[in-house]
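Working notes, beginning with the structure itself.
The values are calculated or read from the model by the stated rules, or taken from the named source; none is laboratory data. Here the structure is a predicted model, which means the values were calculated and not measured. Neighbour counts run over all protein chains shown; Cβ positions are idealised from the backbone, glycine included. The area values use the complete protein model at the heavy-atom level, side chains included, leaving out ligands, DNA and RNA. Shrake-Rupley method; radii C 1.70, N 1.55, O 1.52, S 1.80 Å.
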Amino acid sequence: MIRIIASDLDGTLLLNGKQELPEELFPVIRRLKDMGILFVAASGRQLSNMRRMFEPVKDDIAYICENGAAALYQGRVLYEDAFDPALVEDVIRTAWKKENTEMSISCLNHYYLRPKTEAYLAMMRDEVRCDYKLLGDTCHVPESCMKMAVYEKDGADAHLRFWQEHFGDRCKVVTSGPAWIDFVPFGTSKGKGIKRIMDILGIQPEEGAAFGDEYNDIELIESVYYGFAMETAKPGVKEKAHFTVQREEEILEKLIAYKGDMGEVLKACMNIVKKVY
């Protein structure tokens, strides 16, 4: 029986660039909680942004934020990872010099931004709706940094190699969306977050399910037995998953109908779930 479900947001629950979760998801999460199934939001986004998105159920779920750099359960921070400040300054300098590249620096409660354009600042403020502070002309971040991200407007895949060649020996560099590349400390992942929560609750991998679409989701879906990749997921993500699916919500609704028995859900959903061989 399933006891925990972890889900990525962008590209998984948030499709086609949407920034707001579907309203019908919230009663589903409440039903899962009533059944003893914990829902975990797992994202590269900041905690405050995620809590706003899940406002109707914000205290009913657990959080893995900043690609696993921090995990929170019942209002308690379970752990918080951080970068060497010298590395943070090096990435900021490189991003500032690189044409058409924008970036953000993630601390637990807000981002630090050094925007080159008003368009990027407006996107972060009005679309992503992050809490932020401006760095001004400095590359020094006065707080502990847990994640960095660069925004490549013409596509993350075209620039991933550049960033991996420059910083791949000092941290993990992965795509986290069509235009985003994330930098996370070695040993940090969404998988680390879900494992910590599962350890606290005494949940076994066969009692868990996870959904994702990007390379930063691989450790997450590998940490549970029922690992789902979206049909639109990157090829390498599909290779690591046990199943592929078009819409996560269909699985969640079936899981409620079959009282947490994922085996029965998969039998009933053979037309919408593909097993990965």
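Summarising the strand pairing of the range 199-277, around 30 percent of its internal DSSP beta bridges are antiparallel. Taking 20 Å as the straight-line reach from the Cα of Lys153, the aspartates and glutamates in range (excluding those fewer than 8 positions away in the same chain) are Asp10, Glu99, Glu102, Glu118, Asp126, Glu127, Glu165, Asp182, Asp213, Glu214.
When the Gaussian network model of the chain links Cα atoms closer than 10 Å, the mean-square fluctuations of Gly260, Gly44, Gly68 top out at Gly260. Restriction of the GluC sites (Glu not before Pro) in the range 146-224 to DSSP coil positions whose beta-carbon has at most 11 other beta-carbons within 10 angstrom yields no sites. Here the dipole of the range 1-120 is about 120 debye; that uses its Cα centre as origin and unit charges on the Cβ of Lys and Arg (positive) and Asp and Glu (negative).
Summary of the geometry: the range 113-143 and the range 197-269, compared by the centres of their Cα atoms, lie 34 Å apart. Here the chain exposes an accessible surface that is 49 percent carbon and sulfur, computed with a 1.4 Å probe and the other protein chains kept in place.
A Gaussian network model of the chain, with springs between Cα atoms under 10 Å, assigns the largest mean-square fluctuation among Asp137, Asp182, Asp213 to Asp137. Estimated at 0.36 nm per residue, the fully extended path between Lys267 and Glu165 surpasses their Cα-Cα distance by 32.3 nm. Computed from phi, the 3J(HN,Hα) profile of the range 218-226 under the Karplus parametrisation 6.51, -1.76, 1.60 (θ = phi - 60°) reads 4, 4, 5, 6, 7, 7, 10, 6, 9 Hz, with x in place of Gly and Pro. For the chain, the extents of the C-alpha atoms along the principal axes are 56, 37, 31 Å, listed from largest to smallest. Normalised per residue, the accessible area of the chain is 45 Å², obtained with a 1.4 Å probe and no contribution from ligands, DNA or RNA. 3J(HN,Hα) along the range 125-132: 7, 9, 9, 5, 6, 8, 7, 8 Hz, from the Karplus curve 6.51 cos²θ - 1.76 cosθ + 1.60 with θ = phi - 60°, whole Hz, x for Gly and Pro. Amide H contacts of Lys172 (H built 1.01 Å from N, in plane; Pro and chain starts excluded): Val184, Phe186 sit under 5 Å, all sequence-distant by 5 or more or on other chains.
Backbone amide hydrogens, once placed in the peptide plane, bring Asp131 within less than 5 Å of Asn49, Tyr111, excluding anything fewer than 5 places away on its chain. Our coupling estimate for the range 68-78, obtained by passing each phi through the Karplus curve with A = 6.51, B = -1.76, C = 1.60 and θ = phi - 60°, is x, 6, 8, 10, 9, 9, 6, x, 10, 6, 7 Hz, Gly and Pro reported as x. With a 1.4 Å probe rolled over the protein heavy atoms of all chains, the accessible area of Ile64, Ile218 falls in the order Ile218, Ile64, largest first.
So what's the angle, to the nearest 10 degrees on a 0 to 90 scale, between helix 85-97 and the longest Cα principal axis of the chain? Taking Cα atoms only, the helix is inclined about 70 degrees.
Sorted largest first, the spans of the alpha carbon positions of the range 162-227 along the three principal axes are 40, 22, 13 Å.
For Cys145, the residues whose modelled amide H falls within less than 5 Å of its own, excluding neighbours fewer than 5 places apart on the same chain, are Phe83.
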